[in-house]
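Student: Submitted below is the structure of interest, expressed as structure tokens.
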Amino acid sequence: MEFLKAVSSSEALAMINSFRADPEKETVAINDALHRILAEDILSPEDIPPFPRSLVDGFALKVKDIQGAKETAPLFLYVQGEIRIGEAASVELEDGKCVYLTTGAMIPEGADGVVMQEFVRAAGDAIEVTKTLHRGENICFRGEDIAKGAVILKKGGRLSPFDIGALSGIGRPAVPVYKLPVAGVISTGDEIVPVEEAPPFGKIRDINGHTIANLLKGNGAACTFFGIGKDSVGSIAEKLQLARASDLMILSGGSSKGQRDYMADAITRLGGEILFHGINIKPGKPTIFGKLWGKPVFGLPGHPNSCAMVMMRFVLPLLRKLKGEEGYREKKAAGILSTNIPSTSGIEEYVKVTVREVDGDRYVSPVFSKSSAISSFVGASGYVIVPEGKDGYEKDERVEVYLFE
Ligand code: AMP
Ligand code: MG
């Protein structure tokens, strides 16, 4: 196998990340916005809460009136009335008095603390307070949760259920988000048949098309599958033409420089440019990245293991860019290796692992497999990266596991 020049994984990522992305915006209802990427900073148009609220069931009072109150020396306050939840407080609290209220009710003018019901004894139309309070105790002040004008969510952030709750709290039924990028996916190979067909002896079912489509789906992209191309420059070029309107094209199979691998030729024949052909990684070395019609195009290796790994390490970072996502953090967990992981020095290697928790410690075991094995992903919890300059890890070493999401 011959490569133009295999780039290192960091060189590959630098080239991929230098791709200019300018995603369009659209407005969607917040309940359709889960996991979408915010296209603008969101500022609160008002103070939240919009009025001071009680955090407990009890009596709103003037803290100066109960200084020194304790169980053995309670202080008396007259009950001036009650403020019901959901109603505006119309009374102004008088000296030496208190007002009954429940959690969430409005604090009346003049009150600066709320004593919990538990620290109060009823005494006719008065109460005995058995505890001193500090000013502001048990009150959530106006704007204390979210101040008017504060940025509550930042542009580029991925909306969580909690973010959507906060948006409803500030009165935003809809938000601007980036449009989902659409990826065009193509499988190639004379031997590949769709899952619905019984493969004749000698042929195999398409795996990559489905793995790629679902990795995209799980990472916030829409996907159009353009079917299975044959091993010829013409057939691959034809499929690429169909995918022309996509924001990103992803092909698999035929990406190496063997005799029967036509992908790079198909891209260049259509006027595209190959930016790199080969990354110094295992699995996944025969990877193509190029530009066609101004759009990024990936040629992934056909081996399902290699294809999925390159998707995760190199395609998803570009996808996040095309989505307008900022501040993404990979999900990682540290653990202790239960056996050695040997590796060839001089190449960055991805080793799938299982993770087992025993008494609060996390044990990591490699799952060794050939790059053609499709079973090794099933059951693995993630993978460990052995950097280019390292010839493996030893048993009991602490390693970081990149977790599958
Ligand atoms: P290639 O990269 O085309 O040389 O393919 C490498 C290996 O991956 C071969 O054994 C192919 O049969 C297999 N392969 C290629 N494409 C797919 C696919 N879409 N699904 C499953 N296996 C594939
Ligand atoms: Mg092939």
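Student: Highest mean first, how do 23-32, 88-97 rank when packing is the count of other Cβ atoms within 10 Å averaged over residues?
Tutor: On the way: 23-32: 12.9, 88-97: 14.7.
Final packing ranking: 88-97, 23-32.
Student: Tell me, what is the FRET efficiency for Glu82 and Lys390 to the nearest 0.05, using R0 = 60 angstrom and their Cβ-Cβ distance as r? Each step should come with its number before you reach the end.
Tutor: Numbers: r = 70 Å, r/R0 = 1.17.
Taking R0 as 60 Å, the efficiency between Glu82 and Lys390 is 0.30.
Student: Follow-up question, since we're still on this one. For region 235-289, go through all pairs of different Cα atoms, get the mean of 1/r, take its inverse, and jot down that Kirkwood value in Å.
Tutor: Values: mean 1/r = 0.0846 Å⁻¹.
So the Kirkwood estimate lands at 11.8 Å.
Student: Connecting C-alpha atoms closer than 10 Å in a GNM of the chain, tell me which of Arg244, Arg84, Arg205 has the biggest fluctuation.
Tutor: Greatest mean-square fluctuation among the candidates belongs to Arg84.
Student: Same structure, new question: For the chain, take the longest principal axis of its alpha carbons; what is the angle in degrees between that and the long axis of helix 208-218, to the nearest 10 within 0 to 90?
Tutor: Approximately 20 degrees, to the nearest 10.
Student: Compute the long axis of helix 233-242 from its Cα atoms, compare it with the longest principal axis of the Cα atoms of the chain, and write down the angle in degrees, 0 to 90, nearest 10.
Tutor: Helix 233-242 sits at roughly 30 degrees to that axis.
Student: Here's something else I'd like to know. Among Cys98, Cys140, which comes first, second and so on when ranked by fewest other beta-carbon atoms within 10 Å? Working shown, then result.
Tutor: Working: Cys98 29, Cys140 17.
Placing the least packed residue first, the sequence is Cys140, Cys98.
Student: Once the piece of chain linking Ala147 and Val28 is laid out straight, how much longer is it, given 0.36 nm per residue of separation minus the C-alpha distance between them?
Tutor: On the way: separation 119, 0.36 × 119 = 42.84 nm, distance 2.47 nm.
Net length gain for the segment: 40.4 nm.
Student: Set the bar at 29 Å for Cα to Cα. Now go through Lys25/Lys332; Lys217/Lys395; Lys323/Lys390; Lys217/Lys285; Lys331/Lys390 and name every pair that lies beyond it. Can you show the working numbers first?
Tutor: Details: Lys25/Lys332 31 Å; Lys217/Lys395 37 Å; Lys323/Lys390 34 Å; Lys217/Lys285 25 Å; Lys331/Lys390 23 Å.
Lys25/Lys332; Lys217/Lys395; Lys323/Lys390, as the Cα separations exceed 29 Å there.
Student: In vacuo Debye scattering of region 332-403, one point per C-alpha: log10 I(q)/I(0) at q = 0.11, 0.14 Å⁻¹?
Tutor: Ignoring solvent entirely, the Cα scatterers give -0.24, -0.39.
Student: Treat every Asp and Glu Cβ in region 198-278 as -1 and every Lys and Arg Cβ as +1, leave all other atoms uncharged, and give the resulting dipole magnitude about the Cα centre to the nearest 20 debye.
Tutor: With only Lys, Arg, Asp and Glu charged at Cβ, the dipole is about 200 debye.
Student: So what's the projected area for region 281-405, the Cα convex hull averaged over all directions, in nm²? Numbers along the way, then the final one.
Tutor: Working: hull surface 34.9 nm².
Computing the convex hull of the Cα atoms and averaging its projections yields 8.7 nm².
Student: If you don't mind, there's one more thing I want to ask. Treat the count of other C-beta atoms within 10 Å as a stand-in for reagent exposure and order Phe368, Phe289 from fewest to most. All intermediate terms of the calculation are to be shown ahead of the outcome.
Tutor: Numbers: Phe368 12, Phe289 25.
Lowest count first: Phe368, Phe289.
Student: Radius of gyration and Dmax for the chain's Cα atoms, expressed in Å?
Tutor: Final numbers for Rg and Dmax: 31.0, 97 Å.
Student: While we're here: Test of understanding: what is the full-extension gain from Ala73 to Ala334, defined as 0.36 nm times their sequence separation minus their Cα-Cα distance?
Tutor: Values: separation 261, 0.36 × 261 = 93.96 nm, distance 5.57 nm.
Full extension from Ala73 to Ala334 adds 88.4 nm.
Student: Given the -39500 (n - 2.57) contribution per DSSP H run of 4+ residues, what per-residue ellipticity at 222 nm results for the chain, rounded to the nearest 500 deg cm²/dmol? Walk me through the numbers before you get to the answer.
Tutor: On the way: 7 runs with 61 residues, N = 405.
Mean residue ellipticity at 222 nm (helix-derived): -4000 deg cm²/dmol.
Student: Something else now. May I ask you to sort Arg142, Arg135, Arg320 by Cβ crowding, counting other Cβ atoms within 10 Å and putting the fewest first?
Tutor: Working: Arg142 17, Arg135 10, Arg320 22.
Ascending number of Cβ neighbours within 10 Å: Arg135, Arg142, Arg320.
Student: Something else: Counting only Cα atoms, I'd like the Rg/Rh figure for region 53-140, Kirkwood definition for Rh.
Tutor: Working: Rg = 11.4 Å, Rh = 12.3 Å.
Rounded to two decimals, Rg/Rh equals 0.92.
Read the figures in this text as sums done on the coordinates, not as results from a lab. Since the model is a prediction, treat every value here as computed from it, not as a measurement. Glycine also receives a Cβ, built like all others from the backbone with ideal geometry; neighbour counts cover every protein chain displayed.
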